[in-house]
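Novice: Take this structure first; my questions come after.
The values are calculated or read from the model by the stated rules, or taken from the named source; none is laboratory data. Bear in mind the structure is a predicted one, so any value in this text is a computation, not a measurement. Glycine also receives a Cβ, built like all others from the backbone with ideal geometry; neighbour counts cover every protein chain displayed.
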């Protein structure tokens, strides 16, 4: 690690000590120095407590869940980021949040027209979304794989805050 990276990491640790209670409560800390921190490898697990998964395993687990009728899934990273997938078996809304409480961003399909229903949440609520605010399921699974494997959304996927 370079001296700059060590300094940035030390700053990050100090921020976490000072703001630790807020971090545990799910608040994000906005600090420009965070940009200097070298990204660390994140591990991801399903919110239901499933052990950390590699990207390929997570995508397969999502496919099984959707096939079984569980259309809402949440993954949580070791750094506190959240990735949500809500599907109707044909399309999916994929949301990436930096922490709990963050409004996040979601993958979009700007050329899509119309609306689709059948996005069933874990609480039983059935939602309907504009197709432009969702992506085809195969693309959604690719987005999930990329975020879990690389840490960022794929550049070819459009996102909206």
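Novice: Given the condition free of Cβ contacts under 8 Å to residues at least 24 places away in the same chain, in the same structural domain as residue 56 (by TED's automatic domain parsing), surrounded by 18 or more Cβ atoms within 10 Å (Cβ to Cβ) and farther than 18 Å from residue 48 by Cβ, answer yes or no: does some residue in segment 129-145 qualify? Before the answer, list the steps.
Specialist: Taking segment 129-145 first, the residues free of Cβ contacts under 8 Å to residues at least 24 places away in the same chain are 130, 138, 142.
Filter once more, keeping what is in the same structural domain as residue 56 (by TED's automatic domain parsing): 130, 138, 142.
Narrowing the set further to residues that are surrounded by 18 or more Cβ atoms within 10 Å (Cβ to Cβ) leaves 142.
Now narrow it down to the ones that are farther than 18 Å from residue 48 by Cβ: 142.
Yes.
Novice: Something else now. Does at least one position in segment 127-137 carry a residue that is over 18 Å from residue 105 (Cα atoms), more than 12 Å from the chain's Cα centre (by Cα) and outside any strand (DSSP E or B)?
Specialist: Checked against the condition, which is being over 18 Å from residue 105 (Cα atoms), more than 12 Å from the chain's Cα centre (by Cα) and outside any strand (DSSP E or B), segment 127-137 yields no hits at all.
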